[in-house]
Amino acid sequence: MTVTKECLSAPVKPRDFGFFIDGVWHHGREMYERSSPSHNQSVTRIACCTTQDLNAAVAAARTAFDRGNWTQQPGAERAEVLSRTATLLRERKDEIAYWEVLENGKPLSQAKCEVDHAIACFETAAGATRLLHGSTFNTLGPSLFGMVLREPIGVVGLITPWNFPFMILCERLPFILASGCTVVVKPAEVTSATTLLMADILADAGLPKGVYNVVTGSGSVIGQSMAEHPDIDMLSFTGSTKVGRSCIKASAESNLKKLGLELGGKNPIIVCGDSNLDDAADAVAFGVSFNTGQCCVSTSRLIVDQSVADDFEQRVSEKMAKIRVGNPFDPETQIGAITTDAQYKVILDYIDKGKAEGAVLLCGGHQIVRERERYIAPTLFTHVTPDMTIARDEIFGPVLSSFRFKTVEEAIQLANDTVYGLAASVWTQDISKAFRVTRRVKAGRFWVNTIMSGGPETPIGGFRQSGWGREAGLAGVEEYTQLKTVHIETDKRSHWIAS
Ligand code: NDP
């Protein structure tokens, strides 16, 4: 489907989606109806799967894994399927972006860039299928040879969130497939459409049946059952730290499945007095507002050199005030609607807390009321102290808290004053300072004089309570494998028991 200018509005009636098991579409007995956060109009109807449906999906993934027609295929053949998927995604980019916008509320232009990133993930993973390897030991004596084989871990459960439904799927799925694993995916109920569209795309690309299965429904039913499932070998979960913890518990109480977790963040950006202040201010405004701040690596804490703080905060505030908020189908729009009613309320509550606890509101701090839609103006609080709620909690909205430092040591301490460790950034012209800060700040992703840049070649993941494991890149494929150590004796055995 090509999305032409005329159809860039919400559909007249919602589109029904089934769920996908073992290469076959099934109808839901009950359906969940999703309203577009930007249009307040019903756009999709998604099946509310049952735990029986989940069991069927896991059984299909297990059979496909054991059948071996994906798992044991040469890497080159798996690479072909992943490359064909990239080609098909390119052809269906407009359609995928359209449904992403309708369910999530993000601007169409951004959704298209995210599909481009997804394509790059499939291309990177295609290359990785041929590079995945173990190691050998030729150092064990004259007749003993050692090999370490990498084997796919088995059936992977993949639970994805609503903030980047398609992009987060694609930062994991191609790497899981590259490893030779089979998958059962549960997208966030409010944003399931594009994960379901992927089923036909993968089938058209030649992925054998049973390798990719999708069950839809609520996290408390389907997600929880996946975390507890005795026949899922690994669970990759992206979402809140609270649910990440419950997945750990469920794994411990079921089959000790391996976990990959990408959780919350409270990401600092350190701006030194010697940096290019205009570039840094633009990066800060982008970092906190991109995807309406509903982003795990969102810049939520500004840590700025006291000597330039007044000027810098003013620059950031002026830039934030110019951000174009509104209809995601308008090509001028930079940020769209807040994705869910619950999140909308959470963000407004945090803004109220910031005001009540004494932070100074420099810009934003209000809803932008346009008919029935959910928009929040990018918001900057200054004079925030580390004990305030807005300084500590992940807000997951376009709300920035500003702190000031006198010495670099103080900046590092402020940056590390959080339970999280997902991402961080420093802005300075001094290379030694940049390296010093890079090495001391606890974060899985670090940017110097840039923000949210990079590609699927490099691994992503968090330190501390931001998660376990890494996604993307060769490390992201290895994550879904396990090592088997093999020893081969080439000489006659020297006997333990005397004959
Ligand atoms: P959740 O952690 O609840 O949701 C993330 C995913 O987990 C969704 O697919 C959800 O399904 C599923 N899920 C929910 N409950 C369970 C469970 N018991 N077991 C297994 N899976 C489950 O996040 P929320 O949507 O509630 O958002 C709350 C906060 O989480 C946000 O304010 C933000 O701070 C953080 N968050 C962080 C994300 C990140 O990228 N790091 C992404 C999303 C949220 P369903 O939605 O269908 O119920």
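What follows draws every value from the coordinates through simple rules; no lab data is involved. Everything numeric here is computed off the predicted structure, so don't read it as measured data. Cβ sites come from the backbone with ideal geometry, for glycine too, and all protein chains shown count toward neighbours.
What to note about this one:
- For the stretch 97-110, the Karplus equation 6.51 cos²θ - 1.76 cosθ + 1.60, evaluated at θ = phi - 60°, returns couplings of 4, 4, 6, 5, 5, 4, 8, 9, x, 7, x, 4, 4, 5 Hz by residue, with Gly and Pro reported as x.
- Phi angles of the stretch 121-127 translate, via the Karplus equation with coefficients 6.51, -1.76, 1.60 and θ = phi - 60°, into HN-Hα couplings of 5, 5, 5, 5, 5, 4, x Hz per residue; Gly and Pro are given as x.
- From the alpha carbon centroid of the stretch 383-429 to that of the stretch 277-298 is 14 Å.
- Exposure proxy ranking, count of Cβ atoms within 10 Å, fewest first, for 284, 148: 148, 284
- Number of Lys pairs (Cα under 23 Å; 8 or more positions apart or on different chains) in the stretch 268-448: 7
- Neighbour counting of Cβ atoms within 10 Å sorts the residues 99, 162, 468, fewest neighbours leading, into 468, 162, 99.
- Positive-end residue, the chain charge dipole about Cα centroid, Cβ charges, pick of 223, 308, 203: 223
- Net dipole in debye of the chain [+1 Lys, Arg Cβ; -1 Asp, Glu Cβ; about Cα centre; nearest 20]: 700
- Between the stretch 430-455 and the stretch 308-381, the Cα center-to-center distance that results, in Å: 27
- For the stretch 10-133, alpha-carbon Rg over 2.2 N^0.38 Å: 1.28
- Length-normalised contact order for the chain - Cα pairs under 8 Å, 6+ apart - percent: 18
- As a proxy for reagent exposure, ranking 272, 113 by other Cβ atoms within 10 Å from fewest up yields 113, 272.
- Cα-Cα pairs of the chain separated by more than 35 Å (percent): 36
- Separation of alpha-carbon centers, the stretch 178-198 and the stretch 21-95, rounded to whole Å: 5
- Debye-sum result for the stretch 268-448 in log10 I(q)/I(0), which assumes one identical scatterer on each alpha carbon, at q = 0.11, 0.12, 0.19 Å⁻¹: -0.43, -0.51, -1.26
- Residue 26 versus residue 357: modelled label distance in nm, points set 7 Å from Cα along the beta carbon direction: 4.5
- Reachable lysines, given that their alpha-carbon falls under 22 Å from the alpha-carbon of residue 186 and they are not under 8 places away in the same chain: 93, 106, 209, 242, 249, 257, 258
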